[in-house]
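What follows is a set of notes on a single structure, which appears directly below.
The numbers here are math on the coordinates, done by the rules we state, and not lab data. Fair warning: this is a prediction, and the values are worked out from it, not measured in the lab. Heads up, the Cβs are rebuilt from the backbone with ideal geometry, glycines too, and the neighbour counts pull from every protein chain shown.
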Amino acid sequence: MRIAQNYKKNVFCLEGDWQKDMRDNSSIRAALMFLKENLNINYIYKQCGTRENLEYYLTMWQQKKYAAYSICYFAFHGKPESIQVGKEFVTLAELADMLQGSCQDKIIHFGSCKTLNTEPAVIKKFLEHTGALCVCGFETEINFVESSAFDMVLIELFQQYKDMAMLDKNLRRNYRSFVKRLQFKLMYL
C-alpha cells in the first residue's frame, strides 16, 4: 500500500453553484477559512459553474507549483457516480479522464451527495486511472452543515496520517456515528 509523502496537506477546493438564488451565500469557504485560521491548513478555492471551469482549474492544479495542495475537495451537488457542474453532470469516469495519472500522492474528496454511491469496482477504476492515494465521499443525501463539520474533521485527520488504512481505522473508531449516518466511504489501493 502507498502512503502520503507528507503530513501537511493543503486543500484545493472546487465548489459548484449551490443555489439558484444569487443572494444565497452558502459556501464551504467558511469551513476552509476556519481550517486556515485555526490549524494553518492553506487552501485554494475556486467556484465552477461550467465543465470548462472545472477542466481549467483541474489543469491548473496539476502544475508543479501546486503540489503542496494534495487534497482535492469537490464541493458540488451530486448523484451516484457524478457531480453537478452548472446544469450538467460530470461522471467519475470523465473526472478520471481530466485527472489521468496526475494524482500521485493526492487525496480526492467528494463533499457531495451520493457521488460514491456506486460499486467498489467503479471507485477502484477511478483510483487506478488518476493514480490517487485515496478517494472518499458520501453514498447518501447529506445535510450541508453536518457534512461540512465532518469534512473539517476529515481534513484535520488527513494532517495526522500518511497511511490511509490507519486514518480509516481512526475514523471508524472515533467518528462511527458520523461515518454511518453520512454513509461515508474511503477507498485506497
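Entry note, region 11-188: relative contact order of 20 percent, from Cα contacts under 8 Å with a spacing of 6+ residues. The Cβ shell under 13 Å around residue 13 holds other residues with a net charge of +2, Lys and Arg each +1, Asp and Glu each -1. Under 10 Å from the Cβ of residue 75, count the other residues' Cβ atoms, weight Lys and Arg +1, Asp and Glu -1, and hand me the total. Computed value for this residue: -1. The order of the peptides 69-81, 106-118 by mean Cβ neighbours within 10 Å, most packed first, is 106-118, 69-81. Sorted on the mean count of surrounding Cβ atoms within 10 Å across their residues, most packed first, peptides 159-170, 134-145 read 134-145, 159-170. The calculated P(r) of the chain, using every Cα pair and 5 Å bins from 0, goes 1, 8, 18, 23, 24, 17, 7, 2, 0, 0 in percent. In the chain, what percentage of the DSSP-assigned beta bridges are antiparallel, given to the nearest 5? Here the share of antiparallel DSSP bridges comes out near 40 percent.
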